[in-house]
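Have a look at the structure below, then the notes.
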Amino acid sequence: MDEKMVLRMEHVTMQFGGVVAVNDLSLDVPEGKIVALIGPNGAGKTTAFNCITGVYQPTNGRVEFMGQTMICSHPTGKMKKNYLGKEAGTYVNQKIEDPTPDHVVQLGIARTFQNIRLWKSMTVFENVLVAKHMRAKQNVFSAIFRANAKEEARMREETMELLREQGLDQYKDEIATSLPYGLQRRLEIARALATEPKLLLLDEPAAGMNPQETLELAQYIQEIRDTHHLTVFLIEHHMDLVMKISDYIYVIDFGSEIARGVPKAVQSNKRVIEAYLGVSEDE
């Protein structure tokens, strides 16, 4: 039986002026799996995430989420002439779809960032509660007439439950940025989970962590995938973590795919080794 695809990228290209940051990238993320996107620094990984989450409108290509077109674009205006990518005419006759980041979250995609982005003046509890409001069943009229008290109580209870689940309840009244680095990472993931996503994007979640913290993070990612019935798509430089938890891996360099496969195959791929370690001038 064919796997259900939560996310599908087709021929996605992101061009900034004359620089092609992501070049004709196509990939699939199956439901319930942990899929990794790896590559050297500057390979275009975070740019690809930004194209998925509405931060950038790709210059060309299509992104499908849960079987429906979420993003679609093609070169327009001056870019028609200056486009350096492939498949320039493939999506010309399709409607341009360019959702904002908040709409992408409402659809069911949440993400964390390479550099932790917590609300600095808010407590741990408030950081997660604010995210909970993304799924609030209230409007301006219920707020004016104070008819949303039960809804607010529900969100606060669910926020506390999520903090307990993530082992953060004892820090609920602490200012978020006062937490140790590893706990700030965990809080950022908890905040993403508060939006009740179907797909969780993790951008270098192990950045800045020591080996023990990285080991614990690997187990943590698998646990939240299973507990919350999530699909996980991650960018990561810690190869031990990637090889330990990934079901499938895509490798890009200079914005283009150079390899894909299960961890064992990717680990021994000559092009991947060259991309990470370089090639001597004698070769």
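Tabulated data
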| item | result |
| --- | --- |
| From the options P40, P58, P99, P75, residue that is in contact with a Lys or Arg (Cβ under 9 Å, 6 or more places away or on another chain), in a loop (DSSP other than H, G, I, E, B) and surrounded by 15 or more Cβ atoms within 10 Å (Cβ to Cβ) | P75 |
| From the options L179, L217, L183, residue that is more than 15 Å from the chain's Cα centre (by Cα), within 24 Å of A131 (Cα to Cα) and surrounded by 22 or more Cβ atoms within 10 Å (Cβ to Cβ) | L217 |
| Complete set of residues in the range 225-245 that are open to solvent by 40 Å² or more (accessible area, probe 1.4 Å) and either part of a loop (DSSP other than H, G, I, E, B) or within 22 Å of I109 (Cα to Cα) (or both) | R225, D226, T227, H228, H229, H237, H238 |
| In the range 104-118, the residues that are out of contact with any Ser or Thr (no Cβ under 9 Å at 6 or more places or on another chain) and surrounded by 13 or more Cβ atoms within 10 Å (Cβ to Cβ) | L107, T112 |
| Residue in the range 44-60 that is free of Cβ contacts under 8 Å to residues at least 60 places away in the same chain and under 21 Å from P263 (Cα atoms) present | no |
| Residue check for K172: over 17 Å from the mean Cα position of the chain (by Cα) and open to solvent by 60 Å² or more (accessible area, probe 1.4 Å) | yes |
| Out of E151, E157, E188, E161, sole residue that is surrounded by 14 or more Cβ atoms within 10 Å (Cβ to Cβ) and at pLDDT 90 or above | E188 |
| Qualifying residue in the range 248-258 (condition: within 19 Å of the chain's Cα centre (by Cα) and assigned to a helix (DSSP H, G or I)) | no |
| Every pair of residues 6+ apart whose Cβ atoms lie under 8 Å, when the first sits in the range 149-174 and is outside any helix (DSSP H, G or I) while the second is open to solvent by 60 Å² or more (accessible area, probe 1.4 Å) | Q166/R186; G167/R186; L168/R186 |
| Of all residues making up the range 191-214, the number that are without any contact (Cβ under 8 Å) to a residue 60 or more places away in the chain and surrounded by fewer than 21 Cβ atoms within 10 Å (Cβ to Cβ) | 7 |
| Sole exception among (1) at pLDDT 95 or above; (2) outside any loop (DSSP other than H, G, I, E, B); (3) not aromatic (F, W, Y) for P197, by number | (2) |
| Selection count, the range 1-14, where residues are buried (at least 18 other Cβ atoms within 10 Å of the Cβ) and farther than 23 Å from A259 by Cβ | 0 |
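This table checks each residue for (1) open to solvent by less than 20 Å² (accessible area, probe 1.4 Å); (2) in a helix (DSSP H, G or I).
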site: L27; (1), (2): yes, no
site: V35; (1), (2): yes, no
site: T47; (1), (2): no, yes
site: V92; (1), (2): no, no
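The values are calculated or read from the model by the stated rules, or taken from the named source; none is laboratory data. The structure presented is a predicted model; accordingly, all values stated were derived computationally and were not measured. Cβ coordinates were reconstructed from backbone atoms using ideal geometry, including for glycine residues, and neighbour counts include every protein chain displayed. Please note that ligands, DNA and RNA were not included when accessible areas were found on the heavy atoms of the full protein model with its side chains. Shrake-Rupley method; radii C 1.70, N 1.55, O 1.52, S 1.80 Å.
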